[in-house]
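Below is one structure, written out as structure tokens; comments come after it.
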């Protein structure tokens with residue numbers, strides 16, 4: 001059952017990464033599917049959904065999106081994915097997502113500075129959905145396989 005859920009999540013992650021890199025948009029329907037699948041994983045692993053971490057991410061993220069520091073789609077994706085982790089694992093997820101975000105931001109900076117010099121190099125945003133997916137994958141491997 002869990003392998004089927006992870007397979008469906010992987011398909012959704014491919015779509016999230018593609019649309020976020022290409023259009024800087026994370027589709028709401030994909031986020032809903034990811035949230036439901038993550039909730040199912042949370043129920044399977046913990047016997048229920050841990051709402052407090054997800055709602056905390058949603059509330060803090062809402063405030064950050066109001067002042068244009070982060071996109072609302074990124075926040076919804078973070079909150080949805082956090083449903084599949086414990087409270088402690090959610091902190092690990094956010095930390096690993098931040099590290100992945102640093103790597104993605106450096107790549108975007110390098111591309112806009114070196115590769116896109118002859119083109120319109122006005123890349124001002126980071127496709128953070130890619131970092132969120134990377135952080136989720138790293139956390140899942142760390143929590144479910146290593147620990």
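Sorted fewest first by neighbouring Cβ atoms within 10 angstrom, 107, 4, 12 come out as 4, 107, 12.
Counting every C-alpha pair in the range 59-138, the share spaced more than 16 angstrom apart comes to 56%. Taken over the alpha carbons of the chain as equal point scatterers, the Debye sum produces base-10 log I(q)/I(0) values at 0.10 Å⁻¹ of -0.34. From least to most packed, judged by other beta carbons within 10 angstrom and beginning with the fewest, 84, 38 follow the order 38, 84.
When the Cα centres of the range 25-55 and the range 62-100 are compared, how far apart do they sit, in Å? Measuring centre to centre over Cα atoms gives 12 Å. I need to check one value: relative contact order of the chain, counting alpha carbon pairs closer than 8 Å and at least 6 residues apart, in percent. Taking the mean separation of contacting Cα pairs over the length of the chain, I get 27 percent. At an R0 of 22 angstrom, the distance between the Cβ atoms of residue 144 and residue 68 translates into a FRET efficiency of 0.05.
Rg then Dmax, both in Å and based on the Cα atoms of the range 17-56: 12.8, 37.
Coordinate-derived values only; no laboratory data. Bear in mind the structure is a predicted one, so any value in this text is a computation, not a measurement. Glycine also receives a Cβ, built like all others from the backbone with ideal geometry; neighbour counts cover every protein chain displayed.
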